[in-house]
Amino acid sequence: MAKKHASFIPLLKAFFAVVVWGASFIATKIALHDVSPMTVVWLRFGIGVALLGAFVAARKEFAFVSLKELGYFSLLGFLGITFHQWLQSTGLQTSKATTTAWIVATIPIFIALLGWFILRERLGVLGVVGILLAAFGVLLVVSQGDLGALTRGRFGVIGDVLVLISAPNWAVFSVVSRRGLKKHPPTRMMFYVMITGWLFTSVWFTAGSGYNEVSRLTTDGWIGILFLGVFCSGLAYIYWYDALKEIPASKVGSLLYLEPLVAVVVASVFLHEALFLAAFVGGALILAGVWLVNRPNITDAPPD
């Protein structure tokens, strides 16, 4: 009984993280009604840095790192925070939240491809089939079932393209992160990665009109920002890594399949995005492809 209870709490934390990340696309979309992607990202991760810093202090995990390690964390911060969030938040200006969620679900596919190219890991026949299935699923989702549009040179909207670029970018971030996770506690490492990424974003923010935009945030906009900062950039990351400490990555990672489904439901309720059959068919193909590529192991890096 005690053993079951010990694994239930970490699983509950991982489930919380996945639900929150699934809703993050909708919260970002709402905040973008008031301000630019630059301001959304800067405020979101400013809150996340403060929350992560408090957890690092409470857990007594803070430690100074060498300049070499700081450079490594800075690279991760640029890839995983500054560039990744610019791609997704800018993409969400024209892409649907549901489309974004399905595309992001392909991240494990790109991680598997990186493993094949860089680490010479074998994919196998089923792995190749999985990649083809997921690719076809993405085409169905972005074309809303009109595959003929692709032959006419219309691959969704520009936002879909930006979000699609964010998937391999996160895969690179995840693969490069693995070395650091062998040496540092996850919370400490994520704090350094997030604060360096946020500092890069601060340059972008101050060079633009960010300060003037903050006053334009409505109540709904602030709710979206606070949700992103407190839950998506703070608690979700902490809970996800807490779960990975206690239970196998494959068991935790399987919950990622719920993320796009959460996004579809929440987007339908809050953004009134239409639900079309091609999205569900394409989404099912993406999830099936991801499962084939990653069986029995699923990537343990968070997608948002």
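Readers should treat all values here as calculations from the given coordinates under stated rules, not as data from a laboratory. Just so it is clear, the model here is predicted, and its values are computed rather than measured. Cβ placement follows ideal geometry from the backbone for every residue including glycine, while neighbour counts extend to all protein chains displayed.
Brief remarks on what is shown
- Cα-based radius of gyration of the stretch 45-88 once divided by 2.2 N^0.38 Å, which approximates compact folds: 1.33
- Shape call, the stretch 135-226: gyration tensor on alpha carbons, a/c limit 1.5: oblate
- Too-long pairs where the Cα-Cα distance tops 32 Å, listed order kept, from K13/K183; K13/K96; K68/K96; K96/K251; K29/K183; K68/K251: K68/K96; K29/K183; K68/K251
- Computed [θ] at 222 nm, helices only, for the chain once each DSSP H run of length n ≥ 4 contributes -39500 (n - 2.57): -23000 deg cm²/dmol
- Cα-based shape type of the stretch 14-294, given that a ≥ b ≥ c are square roots of the gyration tensor eigenvalues and the cut on a/c is 1.5: oblate
- Its Cα centre serving as origin, the chain has a Cβ charge dipole (Lys and Arg +1, Asp and Glu -1) of approximately 900 debye.
- Residue order for F64, F110, F55, fewest other beta carbons within 10 angstrom first, comes to F64, F55, F110.
- Fluctuation leader among I195, I118, I286 - the chain, Gaussian network, Cα springs under 10 angstrom: I118
- Here the Gaussian network model covers the chain, with springs between Cα atoms less than 10 Å apart; of I30, I225, I103, I30 fluctuates the most.
- Cβ-to-Cβ counts within 10 Å put T201, T187, T94, T219 in ascending order as T219, T94, T187, T201, the fewest first.
- Distance (nanometres) between label positions extended 7 Å along Cα→Cβ at L271 and N212: 2.8
- Order of K183, K60, K251, K13 - criterion: other Cβ atoms within 10 Å of each residue's Cβ, fewest first: K60, K183, K251, K13
- Net dipole in debye of the stretch 1-147 [+1 Lys, Arg Cβ; -1 Asp, Glu Cβ; about Cα centre; nearest 20]: 500
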